[in-house]
Amino acid sequence: MSGRLLAWLTLVGFQILLNYSARATQGKTDRNAVYHWSTSLEGLLFYAIFLGIVLAISRGQTRKLLALRAPRSWGQAAGIAVTVAVAVIVLEVALEPVLHAGREQGLTPKHWEPAHAAAFAASFVVLALVAPFVEEATFRGLGFSLIEPYGQVLAIVAIGILFGLAHGLVEALPVLVALGAGLAYLRARSDSLYPCVVVHAVFNAVALTIAVA
């Protein structure tokens, strides 16, 4: 096992442990967290530190390991992206009556509160733009590149599982694993991080928008 892969697995393992520990001790997140300035500020700090570690691990080969390049074909990438999105949505709808995963993460408010519009906008930027880029750089970028030499199928499956676990959720785990694996497949076929970032950002943005619509 390479030193880079060991460092990456340690980073992701720490994130998994941290998030499940927080869930066990603190319970579910406040559903109105997106209306608090602390959510965006703490999020920015967390993702800045996380991205810094990812860049440190990939130092010297950052663009290559993070797949910061144009996809082989934007048309093909778009087709795969739509397929992945539809498949994940169908799975989520099918499992929702049983798992109620939509309520678990606790970041989607029950209704719109105009008085907190500015704080919501800040949270939206962090959750729909910053978070998708950092998470994609971590998993479909660096992680996928480091595991792929051991087999592309292994990389897709492993990234899907680790991405799901990294969120520290239980009921939503099957959907998150499916999304993670689907995005890893998109990364494998497009050879680029950018389509994955777009799909992830759209997912988060739509979820937040629907929640307050």
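Can you give the angle from 0 to 90° between the axis of helix 152-166 and the longest principal axis of the chain, with both taken from C-alpha atoms, to the nearest 10?
30 degrees
For the chain, with the dipole built from +1 on Lys and Arg beta-carbon atoms and -1 on Asp and Glu ones, taken about the Cα centre, which of Val125, Leu179, Leu193 lies farthest toward the positive end?
Leu193
Using C-alpha positions alone, give me the convex hull volume of the range 77-193 per residue in cubic angstrom.
Each residue corresponds to 113 Å³ of Cα convex hull volume.
Above 27 angstrom, tally the Cα pairs of the chain and express them as a % of all pairs, no decimals.
The share of Cα pairs beyond 27 Å in the chain comes to 29 percent.
Roughly how tilted is helix 194-212, in degrees to the nearest 10 and between 0 and 90, from the longest Cα axis of the chain?
Orientation of helix 194-212: about 10 degrees from the principal axis.
Taking DSSP loops as anything outside H, G, I, E and B, show the longest stretch in the chain free of trypsin sites (Lys or Arg not before Pro) there with at most 16 other beta carbons within 10 Å.
111-213
Can you give the angle from 0 to 90° between the axis of helix 3-26 and the longest principal axis of the chain, with both taken from C-alpha atoms, to the nearest 10?
20 degrees
Quick check for you: which residues of the range 1-23 have the amide N under 19 Å from the point 7 Å beyond the Cα of Ile49 toward its beta carbon?
7-23
Can you give me the distance in nm between label points at Asn19 and Leu6, each placed 7 Å from the Cα along the Cα-to-Cβ direction?
With each label point 7 Å from Cα toward Cβ, the separation is 2.5 nm.
Every number here is computed from the coordinates shown, using simple stated rules; none is lab data. All figures in this text were calculated on a predicted structure; none of them were measured in a lab. No Cβ is skipped: glycine too gets one built from the backbone with ideal geometry, and neighbour counts run over all protein chains shown.
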